[in-house]
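Below is one structure; the comments refer to it alone.
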Amino acid sequence: AFDVVWQFDMLALGNGDALEAAWGTAVTVADTGGVTDTLYSAPESATLTPGGIWAQGDTIWLRVGRKAADVGDTLDVDARFHELEIIITYAAGSDA
């Protein structure tokens, strides 16, 4: 009963963009614990793509939450989220 499901989604907003833009498709990550008050590291998530029409210079918003209603989330107490590592992959321009 120590399984937690976290949910992540992103949104890109730039100057003049509507604040009510749709977020990108959410992805989830399931993490299994085992002992109370112990740090567990969840696996890497699937690729996240920001919602909105994004461009260079935009602000990227990241939303993190627990998806406690998910059938895979069996933890019956509050979960604590402590740290996030972000890996960014982008296509670089070329002088060729």
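The values are calculated or read from the model by the stated rules, or taken from the named source; none is laboratory data. Treat the numbers as computed from the prediction; the structure is a model and nothing was measured. With ideal geometry, Cβ positions are generated from the backbone for all residues, glycine too; neighbour counts draw on all protein chains shown. Heads up: the accessible areas ignore ligands, DNA and RNA and are worked out on the full protein's heavy atoms, side chains in. Shrake-Rupley method; radii C 1.70, N 1.55, O 1.52, S 1.80 Å.
Just the residues that are at positive phi and in contact with a Leu (Cβ under 8 Å, 6 or more places away or on another chain), please, taken from region 27-80. Answer for region 27-80, where residues must be at positive phi and in contact with a Leu (Cβ under 8 Å, 6 or more places away or on another chain): just Gly52.
Just checking, which of Ser45, Ser41 is open to solvent by 80 Å² or more (accessible area, probe 1.4 Å), in a loop (DSSP other than H, G, I, E, B) and of a type in the set (Gly, Ala, Ser)? Quick ask: steps written out before the conclusion?
Numbers: Ser45 fails: open to solvent by 80 Å² or more (accessible area, probe 1.4 Å).
Residue meeting the stated conditions: Ser41.
Each residue in region 27-60 was checked for being of a type in the set (Gly, Ala, Ser), more than 16 Å from Gly72 (Cα to Cα) and within 10 Å of the chain's Cα centre (by Cα), and 1 of them qualify. Of all the residues that make up region 1-20, how many are assigned to a loop (DSSP other than H, G, I, E, B) and surrounded by 16 or more Cβ atoms within 10 Å (Cβ to Cβ)? The total comes to 2. Here region 48-57 is the region considered, the condition is being open to solvent by less than 70 Å² (accessible area, probe 1.4 Å) and part of a loop (DSSP other than H, G, I, E, B), and the residue that is nearest to Leu19 (Cα to Cα) is Gly52.
Of the residues Thr32, Thr25, only one is open to solvent by 80 Å² or more (accessible area, probe 1.4 Å), of a type in the set (Ser, Thr, Tyr) and at pLDDT 95 or above; which?
Thr25
In the set (1) assigned to a strand (DSSP E or B); (2) open to solvent by 90 Å² or more (accessible area, probe 1.4 Å); (3) among the aromatic types (Phe, Trp, Tyr), Tyr90 fails one condition alone, (1).
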